[in-house]
Amino acid sequence: MQKILRTLAFLLLSILACSPAFGQKIFDGEDGYRLWLKYDVLSDRQSLKTYRKQLRSIYVAGDSATTTVIRDELSHALSGLLGKQPKFVETIGKHALVVGTPTSSADIRDADLPELKGLGKEGFVIKSLKLSGKPVTLIAANTDVGALYGTFHLLRLIQTEQPLSELAVTEKPKIDVRVLNHWDDMDRHVERGFAGESIWDWHKLPDYTYQRYYDYARANASIGINGTVLNNVNANAITLTPHYLDKVEALADLFRPYGIKVYLSIKFSSPQLIGGLKTSDPLDPTVQQWWKDKVEEIYTRIPDFGGFLVKANSEGQPGPGDFGRTHAEGANLLADALAPHGGVVMWRAFVYANEKNEERSKQAYSEFKPLDGKFHDNVLIQVKNGPIDFQPREPFSPLFGATPKTPMMMEFQITMEYLGFSTHLVYLGTMYEEALQSDTYAKGKGSTVAKVVDGSLFNNHISGIAGVSNIGTDRNWTGHIILQSNWYVFGRLAWDHELTAANIADEWVRMTLSNDEKVVSSVKDMMMRSREITVNYMTPLGLHHIMGVGHHYGPGPWVKDLGREDWTSVYYHKADKDGIGFDRSPTGVNSVEQYFSPLKEEYAKPETTPEELLLWFHHLPWDYTVKSTGRDLWDELVQRYYQGAADVTQMHTQWRSLKGELDPLQYHQVDMALTIQEKEARWWRDACVSYFQTFSQRPLPKGFEKPEKTLKEYMDMRFPYAPGQG
């Protein structure tokens, strides 16, 4: 009997031990799914009372699919934020919210709103005024989509507890085409994706549409994103077959009420792969006709189809170069097919090749600068923010400002391919802001990258900006709640690049985490410092491309002997007994020549090069004196690596000081990720310092702890199943 009792007791304990309640807390609360559209009741009682008075009733004019979306969003949002279901009416009452266009509402048509004339199809006005003698809050636009953008703007004001009295907001986007690029494959793998599988379930489409698709559209509309490229730039030709166009059509129909157009990445050799042609030569008449017919087929299904994104003659992808043709001839083939329907071509400038015998950072400029003015009017050249490949820090690409007759479309990476994946807290708003506000000097001082991108510098007729998505099937969308802010800040800066990264971070924290001033101040501080912290423990002083090979996970400054030299780390840091860094000055490969004066003169000399780009442009001796600190280069490099790792620990302590101030599930998710980031920051520090020390032959500065492992142990680490590999 005792043996039986002991056995039963053991089984009971085993069951309890497997239960999440046994030694493990069950967290109920916010898991991150609602993103920044978290419409919980406002905690400030005075604000709540005031908003309830100001928004006693709601009148949304019109009966389109978009006005239905507006009503649904207002009902959902205000019932949550104000703690009571809003009252929708058919006529204007006192203290009402009125939403509409001059076409849908006689009251708006009769109101004195001259500012509407210059707002185009996407702009809006939010105004406190009187209609029919009654005080109202008015959201007016020329189109229903503009009214939708205005609705989300008003909700943002409420979420962040801003006053609604005396409102006089007039906004329109500064950039025309504002798209997310999904590097998603048809089998749901996401290249450089760290938040689960692709959200597009191609197998179940077109008949099965997840609620997630609608919430994706809501989130994008709330920040002004008006397009989505559904598939990977390393495209599969099958996307253009009727079977898959059925699925694309279903998503286009779903997104249309939210002002979102769908685009497709295409494979340049599609006429051969799925069309049965013997060539894909862009000057071949049969190829030209094939593309015209295919585009006609698409627009018959999707009248507002946005157009094509193309990666050609890059990293093994086919392109016009395979037939001795230029990028302009390839892009214009597609542009001619799309032009009658209003579609655009987004042609990527990410091209580099062994046979050019030219340093990689120079190749995009060399390829596209001579083609300026040769592209048709509906072509945008999509350029990465830096001349290499989404590194933690790069100078801006010299192509920005170099092609006055050709629109340059910015491509940012929201997913963190080179920045620690989705477990590192890195707010990219400061990176985006740094790139956009950089001065190209193309037409003298003040010729910022932003003015190139928005078309204002050269009076381009079209403008665009793209962000490579960090979205996946994880419940919190981005694998890390705070990394939602990178999706958010991309959209906000795409709408208005004059906004600041700091103010956008403030908005995001208040909408997603808390309006409590302690929380806002602390989290915002972490976010604003996070990118510089990461640069320090990964690639300080202008080092770049020293990540692990293939997956780009973790440090790999020792990577060499690959298929091509410019895939290796040693190619970029050039560490030897004499020093470290890549000489891109006039004494080296002279990439500085691609910049306008005075930048090319500043970058040409180490003493005038910004220290954050020192080793990007110069190979310097280990005893070179760093001007800002007076340290020699070796000591400065070590100092920055160690400071970056120490700052992650401090950031983790700062987060833990907020325990009890945040939703426990949100808190716990970020706390776990910061634990990983702490370990990996030390890994980066120790591995890189150990490796570079073999060249400098100098001791660690006094007071710095020795690396935890030997250099060989770091070099022997392998990660065959790191996520997101291409």
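The values are calculated or read from the model by the stated rules, or taken from the named source; none is laboratory data. Predicted model only: the values in this text are computed from it and were never measured. Glycine also receives a Cβ, built like all others from the backbone with ideal geometry; neighbour counts cover every protein chain displayed. Note: areas computed on protein heavy atoms with side chains; ligands, DNA, RNA excluded. Shrake-Rupley method; radii C 1.70, N 1.55, O 1.52, S 1.80 Å.
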Seminar exercise, completed: Among the residues of region 549-596, the number that are open to solvent by less than 20 Å² (accessible area, probe 1.4 Å), part of a helix (DSSP H, G or I) and at pLDDT 95 or above is 5
Problem set entry | Residues (open to solvent by 10 Å² or more (accessible area, probe 1.4 Å) and closer than 21 Å to Arg218 by Cβ) located in region 173-189 | Pro173, Val177
Exercise. If we keep just the residues of region 256-292 that are free of Cβ contacts under 8 Å to residues at least 40 places away in the same chain and either within 22 Å of the chain's Cα centre (by Cα) or in a helix (DSSP H, G or I) (or both), which is surrounded by the most Cβ atoms within 10 Å (Cβ to Cβ)?
Worked result: Pro271
Problem set entry | Answer from Ala337, Ala364 - the residue that is farther than 27 Å from Pro723 by Cβ, outside any loop (DSSP other than H, G, I, E, B) and in contact with a Leu (Cβ under 8 Å, 6 or more places away or on another chain) | Ala364
Problem set entry | Test for His189: is it over 18 Å from Ala494 (Cβ atoms), without any contact (Cβ under 8 Å) to a residue 12 or more places away in the chain and under 24 Å from the mean Cα position of the chain (by Cα) | yes
Problem set entry | Scan of region 37-54 for residues that are open to solvent by less than 90 Å² (accessible area, probe 1.4 Å) and either touching a residue at least 40 places away in the same chain (Cβ under 8 Å) or acidic (Asp, Glu) (or both), ordered by number | Leu37, Lys38, Tyr39, Asp40, Val41, Leu42, Asp44, Ser47, Thr50, Tyr51, Gln54
For this session: Assess whether Phe400 counts as being part of a loop (DSSP other than H, G, I, E, B) and open to solvent by 30 Å² or more (accessible area, probe 1.4 Å).
Result: no
Seminar exercise, completed: Given the conditions (1) farther than 27 Å from Gly491 by Cβ; (2) open to solvent by less than 60 Å² (accessible area, probe 1.4 Å); (3) not basic (Lys, Arg), every one holds for Glu296 apart from (2)
Seminar exercise, completed: Taking region 141-174 and keeping only residues that are under 24 Å from Phe255 (Cβ atoms) and of a type in the set (A, V, I, L, M, F, W, C), one is left with Ala141, Val145, Ala147, Leu148, Phe152, Leu154, Leu155
For this session: Select from region 649-675 the residues that are open to solvent by less than 40 Å² (accessible area, probe 1.4 Å), in contact (Cβ under 8 Å) with a residue 60 or more places away in the chain and assigned to a helix (DSSP H, G or I) and list them in ascending order.
Result: Met651, Gln654, Trp655, Leu665, Gln666, Val670, Ala673, Leu674
Problem set entry | Whichever residue in region 701-716 is more than 23 Å from Ser569 (Cα to Cα) and open to solvent by less than 100 Å² (accessible area, probe 1.4 Å) and, among such residues, is nearest to the chain's Cα centre (by Cα) | Phe704
For this session: Could you identify the single residue in Asp215, Asp187 that is among the acidic types (Asp, Glu) and outside any helix (DSSP H, G or I)?
Result: Asp187
For this session: Restrict the check to region 122-129 and report whether at least one residue is closer than 26 Å to Ile462 by Cα, open to solvent by 10 Å² or more (accessible area, probe 1.4 Å) and at pLDDT 95 or above.
Result: yes
Exercise. Is one or more of the residues making up region 233-250 on the phi > 0 side of the Ramachandran plot, within 31 Å of the chain's Cα centre (by Cα) and free of Cβ contacts under 8 Å to residues at least 24 places away in the same chain?
Worked result: no
Exercise. Inside region 686-726, can you point out the residues that are touching a residue at least 40 places away in the same chain (Cβ under 8 Å) and among the hydroxyl-bearing types (Ser, Thr, Tyr)?
Worked result: Tyr691, Ser696, Tyr714
Seminar exercise, completed: Residue set Glu122, Glu73; condition in contact (Cβ under 8 Å) with a residue 24 or more places away in the chain, of a type in the set (Asp, Glu) and touching a Phe, Trp or Tyr at 6+ places or on another chain (Cβ under 7 Å); output residue Glu122
